[in-house]
1. Write out, first by first residue and then by second, each pair whose Cβ atoms fall under 6 Å of each other, whose residues are 6+ apart or on separate chains, and whose first residue, in the stretch 323-347, is closer than 23 Å to Met142 by Cβ and modelled with pLDDT under 85 while the second is surrounded by 10 or more Cβ atoms within 10 Å (Cβ to Cβ) and among the basic types (Lys, Arg).
2. Does Gly172 qualify as being surrounded by fewer than 23 Cβ atoms within 10 Å (Cβ to Cβ), in the same structural domain as Gly12 (by TED's automatic domain parsing) and more than 22 Å from Val71 (Cα to Cα)?
3. Which count do you get for residues in the stretch 182-225 that are of a type in the set (Asp, Glu), more than 18 Å from the chain's Cα centre (by Cα) and buried (at least 18 other Cβ atoms within 10 Å of the Cβ)?
4. Confirm whether Arg101 is under 27 Å from Gly184 (Cα atoms) and among the basic types (Lys, Arg).
5. Among the residues of the stretch 22-54 satisfying the criterion of being in contact with a Pro (Cβ under 9 Å, 6 or more places away or on another chain) and assigned to a loop (DSSP other than H, G, I, E, B), which is farthest from Ala106 (Cα to Cα)?
6. What about Asp165, is it out of contact with any Cys (no Cβ under 6 Å at 6 or more places or on another chain), buried (at least 24 other Cβ atoms within 10 Å of the Cβ) and either in a strand (DSSP E or B) or free of Cβ contacts under 8 Å to residues at least 12 places away in the same chain (or both)?
7. Please enumerate the residues belonging to the stretch 31-87 that are within 29 Å of Arg320 (Cβ to Cβ), in contact (Cβ under 8 Å) with a residue 24 or more places away in the chain and loosely packed, with under 15 Cβ neighbours inside 10 Å.
Amino acid sequence: MRGLYQFMRDVGIDLGTANSLIYLRNRGIIVNEPSCAAINRKTNQILAVGDDAKKMLNRTPPHIGVVRPLVGGVISDFEMTQELLRQFLKRVSHGLSFGFRRGILAIPNNLTEVERKSIEDVALNAGCGKVYLVEAPVVAAMGAGLPIERPTASLIVDVGGGTTDIAVISMGGPVVSRTLKVAGDKLNDDIARFIKEEFGLIIGEPTAELAKIEAGSAVPLDGRLEIALRGRDQSTGLPKEILVKNNHLRAAMARSLGIITDAVRDVIAGTPPELVGDMLKQGVYLCGGGALLRGLDRLIEKETSIVATVADDPLTCVARGLGRIVDDFEAHRDLLDNPLKPLVINL
């Protein structure tokens, strides 16, 4: 068996609500695509995954469904998540004859044992020989280049698609942490609801996300940003186009952004005093897709009085942190949970 392992690879998997990234040992990030799958409900056949599936969102006939099998960082459709990961791993395993020796998966804070077990099972069934779990804020901080193994505070705010993970990390583990179900998807929902209530225009999730990316911000901006949105008029049912300004989108997202900043303050308030003192020197680092929202760092800095910095390439912070573990597994073993083991019953 030992001889066989030399032909197998280790893989790091960031199975996110919005996007999935896969890091292959000594190769880097091979997959970076939306966590979407398109299925033909008549034949139960997977038609597309990733980018190709997301292009079909809200654009398909009734018998073709586009699903996102992870909600709030948790698996909501086990079989579809398993198939999604299997399809992604097929792309990674091109040229590999014997599959994957170890799979290291990033998970949100505070998952239940059942939720952790379902993630392990998905990875095992998708082709990983052993599965290890590591909390996402820990690897996000590693990917951002923070000194997580030192006795000093590293405050990380990972704003993903389904969850926002906030953690103070010291000596290789979270000292205080919190996970919110308020993140990028919730901001999209807020925008869609606001546009419907204020302008009588019904738009889908992709349009709301586009508006957030193109003209959204967390704080007032000096320049003028606006975007033309097209959708269905609520009263007539006919096509309609409106012009939405930055201040409209900011108002739509204000409540959810307030929840995130309040949670950051709560985490800081629950941190031991010596580590809080470290934060003034180290600052707070933002990662995840939500960190790209204009002015989010300035908003958090204003609310906490701590300098906030957006990590380099925040979308891939978790995957790059996983890559450090995958490339040097033994050096980082202490950060990981034990692999899934079979239950032994003594009769």
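1. These pairs meet every condition: Pro339/Lys130.
2. Values: surrounded by fewer than 23 Cβ atoms within 10 Å (Cβ to Cβ): yes; in the same structural domain as Gly12 (by TED's automatic domain parsing): no; more than 22 Å from Val71 (Cα to Cα): yes.
The answer is no for Gly172.
3. Taking the stretch 182-225 first, the residues of a type in the set (Asp, Glu) are 185, 189-190, 197-198, 205, 209, 214, 222.
After this cut, where a residue has to be more than 18 Å from the chain's Cα centre (by Cα) as well, the list is 190, 197-198, 214, 222.
Filter once more, so that each one left must be buried (at least 18 other Cβ atoms within 10 Å of the Cβ): 190.
So the count comes out to 1.
4. Taking the combined requirement at face value, the residue does not satisfy it.
5. Here the answer is Arg41.
6. Answer is yes for this residue.
7. Phe78
Okay, residues lined up against (1) more than 20 Å from the chain's Cα centre (by Cα); (2) within 23 Å of Gly290 (Cα to Cα); (3) assigned to a strand (DSSP E or B):
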{"residue": "Arg101", "(1), (2), (3)": "yes, no, yes"}
{"residue": "Ala106", "(1), (2), (3)": "no, yes, yes"}
{"residue": "Leu111", "(1), (2), (3)": "no, yes, no"}
{"residue": "Pro137", "(1), (2), (3)": "no, yes, no"}
{"residue": "Leu146", "(1), (2), (3)": "no, yes, no"}
{"residue": "Gly161", "(1), (2), (3)": "no, yes, no"}
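The values are calculated or read from the model by the stated rules, or taken from the named source; none is laboratory data. As the structure is a computational prediction, the values presented were derived from the model and not from experiment. Positions of Cβ are backbone-derived with ideal geometry, glycine not excepted, and every protein chain shown enters the neighbour counts.
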